[in-house]
Amino acid sequence: MLARIRKDIRVIYERDPAVKSTWEVILCYPGFHALLLHRLAHKLYKSNWAVTARFLSQVNRFLTGVEIHPGAKIGEGVFIDHGSGVVIGETAEVGNNVTLYQGVTLGGTGKEKGKRHPTVGNNVVVSSGSKVLGSITIGDNVKIGAGSVVLKDVPPNCTVVGVPGRIVVQDGVNVRDELLGKIDLEHHKLPDPMAEMILCLQRKITQLEERIVQLEGKESESQSIQQPTSKEGGVCSA
């Protein structure tokens, strides 16, 4: 247990540049507190102390703002940054070295029984406000952009953005979208497929407007040639 706590503290040092000391982590990091309380609740849940485990998870939610069902399975090296609004469902499984930012939901999509929450692989980053819903699998080394809604399985080594989530990078190669063309992805700058689509539509509208102006100009010139005017301003008669 102590070794795991030390690893949790080391993970925070590795991923959060704001941390100043170990005591700051112990006293001021709700994500760290949430994981500690969840491990206790999870042990109670596995020992068939379900009500006690759920009560402890609600205390955890009240104290940290992080709601983790005691049935959820969470691996080692998980970092919940800030934590406020994070929700992890009962049958969710989170792998090792996963980073979850504030507002992330690993939730279900209905009232079905059995496995109804996501399985998240190792070395995954789920950015702020993202929703991963249903009994789907998120592969290893996946990055999910802020505000994305992921409803389908994601293979390993991908970057996903948008609503619904779209794969924009796979195995380090940009994925060509039929509507948007090739997207240039940088590590610190995730593309927004919807914004790109709107920009494409705006460019197309501008081109159509320019074409209309050209056609109207040609039509005016044609009418002027067919019906020349006299010096007095009237139409010349044959």
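Every read-out reported here was derived from the displayed coordinates using simple, explicitly stated rules and does not represent laboratory data. A quick note: this is a predicted structure, and the numbers were derived from the prediction, not measured. Positions of Cβ are backbone-derived with ideal geometry, glycine not excepted, and every protein chain shown enters the neighbour counts.
With contacts defined as alpha carbon pairs under 8 Å and 6 or more residues apart, what's the relative contact order of the range 2-191 in percent? That works out to 11 percent.
Counting 0.36 nm for each residue step from Val87 to Gln214 and taking away their Cα separation leaves a gain of 40.1 nm. Listed by Cβ neighbour count within 10 Å, with the fewest neighbours leading, Arg166, Arg4, Arg116 appear as Arg4, Arg116, Arg166.
Multiplying the residue separation of Thr22 and Lys7 by 0.36 nm and removing their Cα-Cα distance gives an extension gain of 4.2 nm. Alpha-carbon geometry of the range 57-180: the Rg and the Dmax are 14.0, 48 Å, given in that order. Working from Cα pairs under 8 Å separated by at least six residues, relative contact order for the range 54-150 is 21 percent. Each of the peptides 57-70, 14-27 was scored by the mean count of other Cβ atoms within 10 Å over its residues; in descending order, highest first, they stand as 57-70, 14-27.
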